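Peer 1: First, the structure itself, so that you have it in front of you.
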Amino acid sequence: PGRQQLEIPNENFSKIVVKLLVDSIIGDGVDSEARLTVESGDNIAVLINNLGGLPVIELYIVCKELYEYLNERNIPVHRIYIGSYMTSLEMSGVSITLFNTKNLLEYLDYETSVSVWESSKNILSFNNQSIEYTENDFKKVITGGRPNKLAVSVCLSICSKIIEIEPKLTEYDNICGDGDCGLTMKNGATHIAKNLSENKENLELDSA
């Protein structure tokens, strides 16, 4: 199912998919015939629909590529809606809808009590959303006072228990999930315990 089967390239896959879907709607001026006529000055609304199992971050990757591609074609986007509007159980995929609102744009902004209808996202140039930073911005800052021996002991006990019950967590997650919950928690607990145990300064402090 879907628009077309593609071999997955090493890069720019999202760009290729977005172009394929958009061109199938408004045409590409060469091979694809337009099913929606878009002229200069038209008010275009975009709906990016999660078909059920696509991670949110991938929806926003599609959004970025779609916004930039429409800009390249001098098609201004006035509203963008992103969410799960029409879904199928665990279906990994996305659908794109373009709506030439003409004089109907104001109606999209009316308030509604429909729970699944999300309001339009802010539309800004993606270049304007970049944030300047330096390496100092990512340096770890330790707060909360001196380490506490009792707190360290409690943390080690919690980590030990998580490691002990990993098989049970994995069993439950195999029933109602993807089976990695126990292993993930065990891995995290193991690293925390190792870090605390190797930091002898913490263990030698008296409890406050």
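The values are calculated or read from the model by the stated rules, or taken from the named source; none is laboratory data. Just so you know, these numbers come straight off a predicted model, no measurement behind them. Counting neighbours? That spans all protein chains shown, and the Cβs are built from the backbone with ideal geometry, glycine included. The accessibility values were calculated without ligands, DNA or RNA, using every heavy atom of the protein model including side chains. Shrake-Rupley method; radii C 1.70, N 1.55, O 1.52, S 1.80 Å.
Peer 1: When the residues of segment 13-35 are narrowed to those that are at pLDDT below 85 and closer than 19 Å to THR101 by Cα, which ends up most open to solvent (accessible area, probe 1.4 Å)?
Peer 2: Looking at residues that are at pLDDT below 85 and closer than 19 Å to THR101 by Cα, I get ARG35.
Peer 1: Could you check how many residues of segment 152-186 are more than 27 Å from GLU90 (Cα to Cα) and without any contact (Cβ under 8 Å) to a residue 24 or more places away in the chain?
Peer 2: 6
Peer 1: Quick check on my filter: what residues within segment 106-130 are in a helix (DSSP H, G or I) and modelled with pLDDT of 80 or more?
Peer 2: GLU106, TYR107, LEU108
Yes or no, residue by residue, for (1) over 17 Å from the mean Cα position of the chain (by Cα); (2) open to solvent by less than 50 Å² (accessible area, probe 1.4 Å); (3) of a type in the set (Asp, Glu); (4) at positive phi:
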| site | (1), (2), (3), (4) |
| --- | --- |
| ILE75 | yes, yes, no, no |
| TYR81 | no, yes, no, no |
| SER88 | yes, no, no, no |
| ILE96 | no, yes, no, no |
| THR101 | yes, yes, no, no |
| ASP109 | yes, no, yes, no |
| TRP117 | yes, no, no, no |
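Peer 1: State all residues of segment 177-208 that are hydrophobic (A, V, I, L, M, F, W, C) and at pLDDT 60 or above; if no residue qualifies, say none. Can you show your working first?
Peer 2: Initially, segment 177-208 is screened for residues hydrophobic (A, V, I, L, M, F, W, C), giving 181, 183, 185, 189, 192-193, 196, 203, 205, 208.
Hits for segment 177-208 are CYS181, LEU183, MET185, ALA189, ILE192, ALA193, LEU196.
Peer 1: I'd like the full set of residues that are of a type outside the set (A, V, I, L, M, F, W, C) and either modelled with pLDDT under 70 or open to solvent by 70 Å² or more (accessible area, probe 1.4 Å) (or both), limited to segment 134-156.
Peer 2: THR134, GLU135, ASN136, ASP137, LYS139, LYS140, THR143, GLY144, GLY145, ARG146, PRO147, LYS149
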